[in-house]
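Novice: Please read through the structure below; I'll follow up with questions.
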Amino acid sequence: MILRPRPANLRGWRAAAPIVTLLSAACGREEYDVADLQLDVTDPLPDGAELLSVCVSDHGTLERGAGNGRVPFPGIREGEPVTITLDVYDADDVLIASAGPAALDADTPYATTPLLAPGEPCVANGAIAREGVASWLLALRFDE
């Protein structure tokens, strides 16, 4: 006969806590700590994607191979708000999808945008920050 209730054995929960934390973290979108600005496309990179064209207002256009759908865009002048649009091209240089526009700044450094049917190709004039000028890194990525 037990006269007093015994404390619960929490040893099992303590051992499982790191796993539960890891699993719950996997459910949400991860924000990179190494980038100052981040734009996530909420859809996977389209089949046949060969080239990504990233247009950043007042900073110009950066073209990169589609690769794994991850694009760094360095040289965003620190503190300036920017609008980002993205075009996806296939091997025949045909525009197959677009994303954005998305506005990012110091107060809103992270945003998501869906992949859309292609429209007009994005165009951005301007230049990245000169060497020695404080600048930000933009990270752009597609959902896996």
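The values are calculated or read from the model by the stated rules, or taken from the named source; none is laboratory data. It should be emphasised that the depicted structure is a prediction, and the values quoted were computed from it without experimental measurement. Neighbour counts are summed over all protein chains in view; Cβ atoms, including those assigned to glycine, are modelled from backbone coordinates with ideal geometry.
Novice: Provide a single number: the residues in the stretch 30-56 that are surrounded by 19 or more Cβ atoms within 10 Å (Cβ to Cβ) and not acidic (Asp, Glu).
Specialist: 12
Novice: Pull out all pairs, ordered by first then second residue, where Cβ-Cβ is under 6 Å, the residues are six or more apart or on different chains, the first lies in the stretch 42-63 and is at positive phi and touching a residue at least 24 places away in the same chain (Cβ under 8 Å), and the second is of a type outside the set (Phe, Trp, Tyr) and part of a strand (DSSP E or B).
Specialist: ASP58/GLY126; GLY60/GLY126
For (1) β-branched (Val, Ile, Thr); (2) modelled with pLDDT under 90; (3) outside any strand (DSSP E or B), each residue gets a yes or a no:
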site	(1), (2), (3)
ALA25	no, yes, yes
ASP40	no, no, no
ASP43	no, no, no
ASP47	no, no, yes
THR85	yes, no, no
ALA103	no, no, no
THR112	yes, no, no
VAL133	yes, yes, yes
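Novice: Given the options GLY132, GLY75, GLY100, name the one that is free of Cβ contacts under 8 Å to residues at least 60 places away in the same chain and out of contact with any Gly (no Cβ under 7 Å at 6 or more places or on another chain).
Specialist: Of GLY132, GLY75, GLY100, the one residue that is free of Cβ contacts under 8 Å to residues at least 60 places away in the same chain and out of contact with any Gly (no Cβ under 7 Å at 6 or more places or on another chain) is GLY132.
Novice: Being surrounded by fewer than 16 Cβ atoms within 10 Å (Cβ to Cβ), in contact with a Leu (Cβ under 8 Å, 6 or more places away or on another chain) and small (Gly, Ala, Ser) narrows it down to one residue among GLY65, GLY69; which is it? Break it down into steps so the answer makes sense when it comes.
Specialist: Working: GLY69 fails: surrounded by fewer than 16 Cβ atoms within 10 Å (Cβ to Cβ).
Testing whether each residue is surrounded by fewer than 16 Cβ atoms within 10 Å (Cβ to Cβ), in contact with a Leu (Cβ under 8 Å, 6 or more places away or on another chain) and small (Gly, Ala, Ser) leaves just GLY65.
Novice: Give the residues of the stretch 62-87 that are more than 24 Å from GLU50 (Cβ to Cβ) and of a type in the set (Val, Ile, Thr), sorted by residue number.
Specialist: Those that are more than 24 Å from GLU50 (Cβ to Cβ) and of a type in the set (Val, Ile, Thr): ILE76, VAL82, THR83.
Novice: Which of the residues spanning the stretch 82-97 are without any contact (Cβ under 8 Å) to a residue 40 or more places away in the chain and surrounded by 15 or more Cβ atoms within 10 Å (Cβ to Cβ)? Steps first, answer last, please.
Specialist: Initial filter on the stretch 82-97 (without any contact (Cβ under 8 Å) to a residue 40 or more places away in the chain): 83, 85, 87, 92, 94-95.
The answer is THR83, THR85, ASP87, LEU95.
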